[in-house]
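Worksheet: the structure to be examined is printed underneath.
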Amino acid sequence: MTEGPGTTSVSGDPPLVTDSDVHALTWEFVNSGYRGDEYANWPIERRLDRFLRRRGLSRHADNGDICNIILDRIMRSISHTPAPAAFASSG
């Protein structure tokens, strides 16, 4: 995998996903229901797969390299962001 400024390429091919795409998908996932109680018993990989497919991104869901890039960004984001339920239950 090679990476340039703002792009992620798999095996030297043209970029399938840009850094901006990864950022947007991460933000959408972190702020979606896939992070909530309804999917709490699902492995994170399954949640990401369903999230991508529901957005018509089966090509991304089928590409393990892209999923790993997005998943890594999601995990880093989650480690710095409280779960939405934490806001609702406090107070």
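Summary table
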{"read-out": "Gained length - Thr18 relative to Ala40, 0.36 nm times residue gap less alpha-carbon distance", "value": "5.1 nm"}
{"read-out": "Ranking of His80, His60, His23 by count of other Cβ atoms within 10 Å, fewest first", "value": "His80, His23, His60"}
{"read-out": "Neighbourhood net charge (14 Å Cβ-Cβ; Lys/Arg +1, Asp/Glu -1) for Pro43", "value": "+2"}
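None of the figures in this text is laboratory data; all of them are computed from the coordinates on show. The structure presented is a predicted model; accordingly, all values stated were derived computationally and were not measured. Please note: Cβ atoms are built from the backbone with ideal geometry, for glycine as well, and neighbour counts cover all protein chains shown.
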